[in-house]
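The structure appears right after this line, and notes come after that.
The values are calculated or read from the model by the stated rules, or taken from the named source; none is laboratory data. The model shown is predicted, which means the values in this text are computed figures rather than measured ones. Cβ sites come from the backbone with ideal geometry, for glycine too, and all protein chains shown count toward neighbours. With ligands, DNA and RNA removed, areas are computed over all heavy atoms of the protein, side chains included. Shrake-Rupley method; radii C 1.70, N 1.55, O 1.52, S 1.80 Å.
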Amino acid sequence: LTPRITLRHPHPRSMPLGYADMWPKVWSAMLSCKIGANGSCGAGMESASFYYDSQVTALRQRLNSSLLVYWLEGHGESRRLYSQYVDDCRPMPLNFTFGQLVDFSWMARATRRGAHTLFYSDTAAATNYSVTLDPTTELPAQLDVLPWVHLPGTPRMTPQVRRWSFTSAIAGAAQSATMWTVPRPGCLDPLPPCDGGRLKQRTNVYLAHPHQYVDIDDQDSGDARGDVAFLCPDLTSGEKESNGYDTVSEWEVEMDPRWGQYRQCNGYPGLCIGLERLFVGRQIPFGDPDLPLSGQCSPHAARGSWFSHPASGRCPSATSSANCSWRPVRRVKSISIDCLRKLGFVAACRNDLAEHGALRFKEWIYNRSLPIFEAAFASDMPLH
């Protein structure tokens, strides 16, 4: 799945010598993580590898899970961050991860706080780092990550420390050269759109949002199934409190079916991940390793679709067609999440997840929740 290519570094900057002097050129470790006093990070990272590339004087970092890979390269403001879900690769803003990732590119600039503890405040990623070294190997034993950024337009939450623990650290482990190669498609080069014809289609889409933000420029939406697949785990896990959602709106949207790569957008205005700037992005909810590019060009009526609406691809009028791919026709209806809760939607979500939650990334499971959601938007009654 990973093309065998060589990364280009057009403007390499010297990594401070302290890193190369401090740690081996290559090392790796197993990872575990918790957030706050007892909570699970849910980050899913299982191992990490680090490679100081002396040819381009840059640190390459790779974080691995069963399906997802993160790459971080370089240091300081010149760092680059990429994520890859199976064969679906895209660049990420540094401050988008909210302290969810391990990063040691700051080590050479850190301040010592004791014989085996170093600290660094990172303005580029809006994160404080504190690492405790193993006194025997001098490799990391524990990393505390405290983010102090928040999404624009969302409630400011009290930040919590993510504590990463490192076990089975190995210095100088042999690594394949291709392991450090970031795939070009999606991460470095935009993906081509699907061959879906040029005739725009009208589709009704749904999105959750704070009631005061109603535009869908640089926002993500879903068809009814796609939005239910997003809302159910979100509302039953308490995530609503951190992202400020209190409303779900239905929009009629005209879209070019030449789908682009889906971009994950959060905040108001939206902060989006990916290179696509013209075409509406599409994927199956949460992605699927068995579908090329997580379903960008594959039909997936049973499990629903997610769409991303790039502001730079919005058509200024109904007659516009050049250099644009979508336009909002009208906002059909908005319903408060409290109203959906009163109608039994969240309770139905809990039941669906309790019965079939383990299958939610592979099958459609929301047979109780979807009818309540659809009936609420089909009703002529004002819902608040």
Note to self: Looking only at residues that are of a type in the set (K, R) and in contact (Cβ under 8 Å) with a residue 40 or more places away in the chain in segment 352-369, which one is surrounded by the most Cβ atoms within 10 Å (Cβ to Cβ)?
What the structure shows: R360
Next item on the list: Keeping to segment 278-301, report how many residues are touching a strand residue (DSSP E or B) at 6+ places or on another chain (Cβ under 7 Å) and either closer than 10 Å to V86 by Cα or acidic (D, E) (or both).
Entry: 3
Next item on the list: State which residue is nearest to C232 (Cα to Cα) when the search covers only segment 334-351 and only residues that are outside any helix (DSSP H, G or I) and open to solvent by less than 30 Å² (accessible area, probe 1.4 Å).
Entry: G344
Next item on the list: Determine whether segment 324-331 contains at least one residue that is outside any loop (DSSP other than H, G, I, E, B) and within 22 Å of P91 (Cα to Cα).
Entry: no
Checklist line | Residue count, segment 19-40 (criterion: at pLDDT 75 or above, in a strand (DSSP E or B) and open to solvent by 30 Å² or more (accessible area, probe 1.4 Å)) | finding: 5
Note to self: Out of the strands (runs of 3 or more DSSP E) lying entirely within segment 110-200, which hold 2 or more residues that are polar (S, T, N, Q)?
What the structure shows: 117-122, 127-133, 162-171
Next item on the list: Tell me, yes or no, whether segment 156-166 has at least one residue that is modelled with pLDDT of 90 or more and of a type in the set (S, T, N, Q).
Entry: yes
Check: Right, G304: within 19 Å of C187 (Cα to Cα), part of a loop (DSSP other than H, G, I, E, B), touching a helix residue (DSSP H, G or I) at 6+ places or on another chain (Cβ under 9 Å) and not acidic (D, E) or not?
Finding: no
Notebook entry, point to check: If we scan segment 41-49, do we find a residue that is in a strand (DSSP E or B), under 25 Å from the mean Cα position of the chain (by Cα) and at pLDDT below 70?
Noted result: no
Notebook entry, point to check: Considering segment 322-333 alone, what residues qualify as being open to solvent by 40 Å² or more (accessible area, probe 1.4 Å) and touching a residue at least 24 places away in the same chain (Cβ under 8 Å)?
Noted result: N323, V329, R330, R331, V332
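Having 2 or more residues that are in contact with a helix residue (DSSP H, G or I) (Cβ under 8 Å, 6 or more places away or on another chain) and under 19 Å from V228 (Cα atoms) is the bar; report the strands (runs of 3 or more DSSP E) wholly within segment 239-301 that clear it.
Fully inside segment 239-301 and qualifying: 247-255, 281-283.
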Next item on the list: Looking only at segment 368-382, count how many residues are part of a loop (DSSP other than H, G, I, E, B) and touching an Asp or Glu at 6+ places or on another chain (Cβ under 7 Å).
Entry: 1
Notebook entry, point to check: Yes or no: A229 at pLDDT 90 or above and either of a type in the set (S, T, N, Q) or surrounded by 20 or more Cβ atoms within 10 Å (Cβ to Cβ) (or both)?
Noted result: yes
